[in-house]
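First the structure, in the form of C-alpha cells, and then the observations on it.
The values are calculated or read from the model by the stated rules, or taken from the named source; none is laboratory data. Given the structure is predicted, the values throughout are model-derived calculations rather than measurements. Cβ coordinates were reconstructed from backbone atoms using ideal geometry, including for glycine residues, and neighbour counts include every protein chain displayed. Protein only, heavy atoms only, side chains kept; ligands, DNA and RNA dropped before computing areas. Shrake-Rupley method; radii C 1.70, N 1.55, O 1.52, S 1.80 Å.
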Amino acid sequence: MLSVTLPPDTLRADKDAARHGYACEAVTRRDGLRELCARLKDQGYFLECLTALDFSDAFELVYVFSRTESASRFLTKVVLPKPDASGPGVGDIFPAARWYEREVYDFFGIRFDPHPNLKRLILPETPRIHPLLKSFKGSAVGADAEEVLSAIHEDRAAFDLLNPRTPKNDADSYELNLGPQHPATHGVMRIIARITGERVLSTECTIGYGHRNHEKMAEIQDYRAFWPNLGRLDYVGAMAYNFTYAELIERAMGIEAPARAQTIRVLLTELNRIASHLLWLATFLLDLGAFTPYFYCFDDREKILDITELCTGERLTYNFFRFGGVAHDIPEKRIQNMISDFIPAFRQKLKDYRTLIGKNIIFRKRTQGIGVLSKETALAYGVTGPSLRASGVCRDDRRVTPYSIYPRLDFEIPVRSEGDSYARYLVRMDEMAQSLRIVEQIYRNLPPGEILLPKVPKTVPRGEYYFSTESARGSFGIYLASDGSPTPYRLKLRTPSFSNISAFSELGRECFIADLISIFGSFDAIVSEIDR
Amino acid sequence: MEVSPPDPGTQSPPVLPLELFRLEEAVDFCRSSSLWPLTFGLACCAIEMIGLGASRFDIERYGYGVFRASPRQADLMIVAGTVSRKMAPCIKTLYDQMAAPKYVVAYGGCAIAGGPFKFPGQYGILEGIDKIIPVNVYIPGCPPRPEALLAGLLKLRDLIRQGKADGRMSPAAIKDFSNRQNPVYKDAISRDAFRNAAA
C-alpha cells in the first residue's frame, strides 16, 4: 500500500489488482504532481509509462509508476481542461519522462513546462497533425503519388532546416552523424554525436524513422484485429508481445486460457527469447567486427525457427495467440523430438560461445568497463530487462507480476552488478541457459485438454487496465482504456527499447566513437518497437 | 581484284565464324552475377534479409552477399520493410546517391503497397516505395521467406541478362485503392461518459 500523504485529492485503492494490473489510482492536481513525483522517487518508484487520454472536455495525463522489487503499481492522473492544455514537466525528477512528454506532445499536442527540449519525437515536423487526438480523422497523404512527392519535398526542407547540412563545427569539436541508414543502428535510427578527435562529448538520438501507426490502428479496429500488429511490433521476439496482449485482455475480460494453451504459450515464448538473444549476439558481435558468431548464431536460430514455424506457421511475425488460448494445437510428438535434439546441442553451443566470445581478449577489452550504466541512472530512465539486470537490479516481470504458469516453474533470474556492456552480454547468455531450462521442464509434459475457450466475450468491460510481461528486451506493458465498445478507446504500448534507448544519451558521452557502437549494440534495441 | 558490293536482295549477310556476345550482353551477364546490395533494413523483412545472408540460405552462393554500407558502392537496393513518412526522404537520397545502373527490389508487403499498416487516412507511412523510386522486382509476403528473396534476386538476374532491367526504369504505375472504405474513427467523449455507463 502506498504510504505517501497525497495532496488533497482522491485516492482510490479499491481496484482489483489482478484484473486491472494496478492497485492504486489517484487523481492529482496539476500543481501537486511534481511534489508527488519527488516523494514517489524517494520511496523507490520509477516512472514506467506516461501517456494521455483525449476526452471532449479535457485531457488526462496518465502516469504509471512501478517498483523494482514488487508489482505494486501506482497510477496517477492529471486532468488538463481544454483548450490550451499544458502539463507539468517532471523530466528533472524522472529523466524517463522527457521522451514520454515529447511523445505526448507529438501525438496530442499537449505542451509540458518545464521541459528542456520540447519538440516532436516521432513524426516528422511538417504534417502539422496530432494523430492520436480524437478530432483527427485521417490524413490524405500517402494515397496519392503527387501528394507524397510534394510531402517528401516538404519533409526534406523541414529536415534541412532542423539539421543544417553544415553542422555547427568549431575548432575543438564537430558533429558526426550516424544514420538513419547505418549498419550499426540495427534498423533506422539516427545518432548525432558531438566529438572532439576520437572522443564523444555528447549524443542525441533521433527516432521515428520506423513509425507505423500502431496505436492509431488499435483505435479503429476491434480487439481481435489488433493481433497482427503485435507480431510486427518487435519482430525478433514477437511471442512475448502477443503474450502481454493476451494476458491483459483475458484478465480484463475475466477469462483464463486452458492449461495446455498456457504451457504452449510459455514454451514458444521461451524458445523465441532464445532466438531473440541469439540474433542480438550475432549482430552485436558483427558491430564489434567479429563475423564468425553471425553464422553460428543464425544456424542455431534457424533450428528454433523451424520449431516455431511448425507450431505457428510463421518464422517471425507470430500471430498464434488468441483470447482464451492459442490458434491451434501443436504437433506434439514432432516438436518433442525436435526439442530433445535441440537442447543438448544448444547447451554445447552455449559453452562454445562462452569460450569463443566471452574469453576472447578483444571482445573483453571492448566491453569490460565500457558503457557503465549505474543502478540509479537505469531506474531513473525506466530501463528494464537484461540491461537493468546487468546493473544489479533483480527485476523480472515473470517474478514480480506472476502470470501464466511461470510461478510453477523453476528458473533463476541472472543478475550482474557491473553495469557495463560485458555484464549485459553475460546476463543474456545466462538468460538463454535459463530459458532452455524452462523449455526442458515443460516440453515433455504438456497437459492434455482444450487449447481454446469455446466462447470469448467480444468487448472489454469499461475501465482502465495495465499489464506487462517480460519480453527479451525488457518489460513490455500495455495500457488500455476501454469505453465498453468493441474497439479500444486508447491503447498505449509501453515498449522496453524506448526507455532503454532514452538512457543512451547518458552513456554516450566521454567515450570513443567505436565504443558508441558497442554500447548501442549492447542494449539490443529494435527500432520498430521504439517508434511503434 | 575488283569487289562488287553485295546485292541486298539476293545475298545473305556475312556469317562470322564464331557466335559472339554483343558487348552489352557480356556486361549484363557479369553485372547480374555480382549485385552488391545496400545494407539497409527498415523493419521485419530486414531480419529475413539478414537470415538470407547467414549460413542456412547463404546468398553468397550467387555472388549477392557483398552488402555495402555506402550507397556509392552498391547497385542494388533491397527495400526491406515499412517506409515511414520520416524515412522516405532519406531513401530517396540514398537512391539518388547510388551509381547507375541501379536496381530496386521491393521486399515485402509494406515496400510494395504499405502492407498491413495501410488503411485509408493513415498518416505515418508511404504506401509503396514505387511512389518515389522505380522498382524492378516485387516480392510479396509479410514477411516473405528468405527463399522468396532469393527467388526475387534470381528473377532480377534473369531480367538483367535479358536486357529488360536497365536500372533506369520509369516509375511504376500507381495502383488505385480508392475503393477501400474509410475506417470508423471515434469521437472524443466526455470524462463522465467514459467512466459511467449511464451517462
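Taking the range B:92-112 as the search range and keeping residues that are out of contact with any Pro (no Cβ under 8 Å at 6 or more places or on another chain) and modelled with pLDDT under 85, which one is most open to solvent (accessible area, probe 1.4 Å)?
If we take residues in the range B:92-112 being out of contact with any Pro (no Cβ under 8 Å at 6 or more places or on another chain) and modelled with pLDDT under 85, then B:Asp96 is most open to solvent (accessible area, probe 1.4 Å).
Taking the range A:442-469, which residues are more than 30 Å from A:Leu53 (Cβ to Cβ) and among the hydroxyl-bearing types (Ser, Thr, Tyr)?
A:Tyr443, the sole residue that qualifies.
Looking at the structure I just gave you, is A:Val400 modelled with pLDDT under 90, open to solvent by less than 60 Å² (accessible area, probe 1.4 Å) and under 18 Å from the mean Cα position of the chain (by Cα)?
Yes: the conditions hold for A:Val400.
All but one of (1) open to solvent by 10 Å² or more (accessible area, probe 1.4 Å); (2) at pLDDT 90 or above hold for A:Leu356; which doesn't?
(2) is the only condition that A:Leu356 fails.
If a residue has to be outside any loop (DSSP other than H, G, I, E, B) and open to solvent by less than 20 Å² (accessible area, probe 1.4 Å) to count, how many in the range A:88-101 make the cut?
Of the residues in that region, 5 qualify.
Might you check whether a residue that is of a type in the set (Lys, Arg), part of a loop (DSSP other than H, G, I, E, B), assigned by TED's automatic domain parsing to the domain that holds A:Tyr241 and farther than 23 Å from A:Thr269 by Cα occurs anywhere in the range A:391-401?
no
Looking at the range B:120-136 only, could you name the residues that are assigned to a loop (DSSP other than H, G, I, E, B), at negative phi and out of contact with any helix residue (DSSP H, G or I) (no Cβ under 7 Å at 6 or more places or on another chain)? Outline the logic, then answer.
We begin by selecting, within the range B:120-136, every residue assigned to a loop (DSSP other than H, G, I, E, B); these are B:120-124, B:126-128, B:132-136.
Right, trim to at negative phi and you get B:120, B:122-124, B:126-127, B:132-136.
Of everything in the range B:120-136, those that are assigned to a loop (DSSP other than H, G, I, E, B), at negative phi and out of contact with any helix residue (DSSP H, G or I) (no Cβ under 7 Å at 6 or more places or on another chain) turn out to be B:Pro120, B:Gln122, B:Tyr123, B:Gly124, B:Pro134.
Residue check, A:Lys77 against (1) outside any loop (DSSP other than H, G, I, E, B); (2) under 25 Å from B:Phe194 (Cβ atoms); (3) more than 14 Å from chain B (Cβ to nearest Cβ), all met but one. Which one?
(3)
Which one of A:Lys82, A:Lys77 is farther than 22 Å from B:Gln122 by Cα and open to solvent by 40 Å² or more (accessible area, probe 1.4 Å)? Steps first, answer last, please.
Details: A:Lys77 fails: open to solvent by 40 Å² or more (accessible area, probe 1.4 Å).
Only one candidate qualifies: A:Lys82.
Could you list, in sequence order, all residues of the range B:32-52 that are within 12 Å of chain A (Cβ to nearest Cβ), part of a loop (DSSP other than H, G, I, E, B) and open to solvent by 10 Å² or more (accessible area, probe 1.4 Å)?
B:Thr39
From (1) free of Cβ contacts under 8 Å to residues at least 12 places away in the same chain; (2) open to solvent by 10 Å² or more (accessible area, probe 1.4 Å), pick out the condition that doesn't hold for B:Gln122.
B:Gln122 satisfies every listed condition except (2).
Any residue at all in the range B:6-22 that's at pLDDT 70 or above and more than 12 Å from chain A (Cβ to nearest Cβ)?
Going through the range B:6-22, the residues at pLDDT 70 or above turn out to be B:22.
Applying the additional criterion that residues be more than 12 Å from chain A (Cβ to nearest Cβ) yields B:22.
Looking for residues that are at pLDDT 70 or above and more than 12 Å from chain A (Cβ to nearest Cβ), one finds at least one in the range B:6-22, hence yes.
Identify all residues within the range B:54-77 that are within 8 Å of chain A (Cβ to nearest Cβ) and small (Gly, Ala, Ser); write none if there are none.
B:Ala54, B:Ser55, B:Ala69
Does at least one position in the range A:120-138 carry a residue that is away from chain B (no Cβ under 14 Å), without any contact (Cβ under 8 Å) to a residue 40 or more places away in the chain and of a type outside the set (Lys, Arg)?
no
A:Ser499 - would you say it is under 24 Å from the mean Cα position of the chain (by Cα), among the polar types (S, T, N, Q) and away from chain B (no Cβ under 14 Å)?
yes
Given the conditions (1) assigned to a helix (DSSP H, G or I); (2) over 27 Å from the mean Cα position of the chain (by Cα), report the number of the one that A:His328 does not fulfil.
The failed condition is (1).
Among the residues of the range A:438-456, is there at least one that is farther than 24 Å from A:Phe520 by Cα, of a type outside the set (A, V, I, L, M) and within 14 Å of chain B (Cβ to nearest Cβ)?
Of the residues in the range A:438-456, the ones farther than 24 Å from A:Phe520 by Cα are A:438-456.
From what is left, the residues that are of a type outside the set (A, V, I, L, M) are A:440-441, A:443-445, A:447-450, A:454-455.
Among the residues that remain, those that are also within 14 Å of chain B (Cβ to nearest Cβ) are: none.
No, the range A:438-456 contains no residue that is farther than 24 Å from A:Phe520 by Cα, of a type outside the set (A, V, I, L, M) and within 14 Å of chain B (Cβ to nearest Cβ).
Please count how many residues of the range B:89-119 are touching a Gly at 6+ places or on another chain (Cβ under 8 Å) and part of a strand (DSSP E or B).
Qualifying residue count, the range B:89-119: 4.
Given A:Arg260, A:Arg273, A:Arg251, A:Arg232, which one is in a helix (DSSP H, G or I), open to solvent by less than 10 Å² (accessible area, probe 1.4 Å) and basic (Lys, Arg)?
Going through A:Arg260, A:Arg273, A:Arg251, A:Arg232 in turn, the sole match is A:Arg273.
Going through the range B:26-62 one residue at a time, which ones are farther than 19 Å from A:Trp280 by Cα, among the acidic types (Asp, Glu) and in contact (Cβ under 8 Å) with a residue 24 or more places away in the chain?
Listed by number, the list holds a single entry, B:Asp28.
Among the residues of the range A:223-254, write down those that are at pLDDT below 90 and either β-branched (Val, Ile, Thr) or outside the structural domain of A:Thr487 (by TED's automatic domain parsing) (or both).
Selection gives A:Val236 alone.
Give the residues of the range B:81-114 that are among the hydrophobic types (A, V, I, L, M, F, W, C) and within 10 Å of chain A (Cβ to nearest Cβ), sorted by residue number.
Passing the criteria: B:Val83, B:Met87, B:Ala88, B:Cys90, B:Ile91, B:Leu94, B:Cys110.
Restricting attention to the range A:185-238, and to residues there that are out of contact with any helix residue (DSSP H, G or I) (no Cβ under 8 Å at 6 or more places or on another chain) and among the β-branched types (Val, Ile, Thr), which single residue is farthest from the other protein chains (Cβ to nearest Cβ)?
It comes out as A:Thr196.
Can you tell me which of (1) touching a Phe, Trp or Tyr at 6+ places or on another chain (Cβ under 9 Å); (2) away from chain B (no Cβ under 12 Å) is the one A:Gly289 doesn't meet?
Among (1) touching a Phe, Trp or Tyr at 6+ places or on another chain (Cβ under 9 Å); (2) away from chain B (no Cβ under 12 Å), the lone unmet condition for A:Gly289 is (1).
Can you name every residue in the range B:139-161 that is open to solvent by 30 Å² or more (accessible area, probe 1.4 Å) and touching a Leu at 6+ places or on another chain (Cβ under 8 Å)?
Correct list: B:Arg157 only.
Just to verify a result, which residue in the range A:59-74, among those that are in a strand (DSSP E or B) and open to solvent by 10 Å² or more (accessible area, probe 1.4 Å), is nearest to A:Thr469 (Cα to Cα)?
Of everything passing the filter in the range A:59-74, A:Arg67 is nearest to A:Thr469 (Cα to Cα).
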